[in-house]
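The values are calculated or read from the model by the stated rules, or taken from the named source; none is laboratory data. Quick caveat, the model's predicted, so the values are computed rather than measured. Note: areas computed on protein heavy atoms with side chains; ligands, DNA, RNA excluded. Shrake-Rupley method; radii C 1.70, N 1.55, O 1.52, S 1.80 Å.
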Amino acid sequence: MSQVNACLVVINQAAKGFMPQVGMVLGSGLGSFADQIDAIASISFDDLPGFPQAGVGGHAGRLVLGQIGTARVAVLQGRAHYYEQGQADVMAVAIQTLKAIGCEALILTNAAGSLVTEAGPGSVMLITDHMNMTGVSPLFGAQGNQRFVDMTQAYHPSMNEAMRSAAKASNVTLHEGVYAWMCGPHFETPAEIRALKVLGAQAVGMSTVPEVILARHQGLPLCALSIITNYAAGMSPTPLSHEQTMAYAKLATNGVEGLLKAFLETYKAPL
Ligand code: HPA
């Protein structure tokens, strides 16, 4: 049996007949959004074959199934990163499983550094495009023509539009920009950040892009939010640290949670 099918068996035992509409991945510091779910099941990643081990601080490592408002959701509380084991496809089974249990759309979240002064720590950015600066793909080794994924409009225009409306409804200032994926786990150098600015990035982080590629490979429409936890290297005298990332992610939590709730309350399947 494939790992995805093995996961389907486990999920079906825990939540028989449940068909989520929206899959979500909660990044660093955002795990508490799972408390908003009217949960019918919560499954540890350890019980889902091929799901990542719960890793970095702030990541619980659970799949939570249930409702937020009228939307049925399947929420990954925690994710794994390329930098943990050097495996770009570490989220492959998790993303394929979200598709297999019926998700028709995906919302990805992360913590990121800002390259623009307007978007300071604690603010929220809608990712409108990305740059993969790592030189690796989660689709290395994939077979068939489907692996040649079209990445134009990877961030779905109508989901982006719905997120803009949700931001207005929830009174959240929503910045927009291009996210550069750097491999981590070290932070960037000031020279790298200057280079990324020239290339046209507004945010930088160590996650999400492999999940975007995997989701598009599955034909899943998606949108993605960055919680800005710091100005990127060289832009502020504050030293960069994971503790700072977690502290500022918490600071932005209320706004982001309101935004996500507003999005889900008016959720319609992306056209
Ligand atoms: N760089 C990379 N990843 C990050 C950052 C950063 O400045 N902040 C939060 N995640």
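For the range 1-79, averaging the sequence separation of C-alpha pairs within contact (under 8 Å, six or more residues apart) and dividing by the residue count gives a relative contact order of 37 percent.
Probing with 1.4 Å while keeping every protein chain in the model, the per residue accessible area of the range 3-265 equals 41 Å². When all alpha carbon pairs of the chain are counted in 10 Å bins from zero, the resulting P(r) reads 7, 32, 39, 19, 3, 0 %.
Just Ala119, Ala14, Ala191 to compare: in a GNM of the chain, with alpha carbon springs under 10 Å, which one fluctuates most? The residue with the greatest mean-square fluctuation here is Ala191.
The lysines whose alpha-carbon is closer than 26 Å to the alpha-carbon of Lys99, local same-chain residues fewer than 8 away aside, are Lys16, Lys261, Lys268.
Could you work out [θ]222 nm for the chain from helices alone, using -39500 (n - 2.57) per DSSP H run of at least four and dividing by all its residues? Round to the nearest 500 deg cm²/dmol.
Numbers: 7 runs with 81 residues, N = 271.
Result for the chain: -9000 deg cm²/dmol, rounded to the nearest 500.
Largest accessible area first, the listed residues Leu8, Leu271 line up as Leu271, Leu8 when surface is computed with a 1.4 Å probe on the assembled protein chains. Taking the 1.4 Å solvent-accessible surface of the chain as the whole, the part contributed by carbon and sulfur is 51%. For the chain, a Gaussian network of Cα nodes joined below 10 Å ranks Leu48, Leu139, Leu222 by mean-square fluctuation, and the top entry is Leu139.
For the chain, relative contact order (Cα pairs under 8 Å, six or more residues apart, normalised by length) works out to 25 percent.
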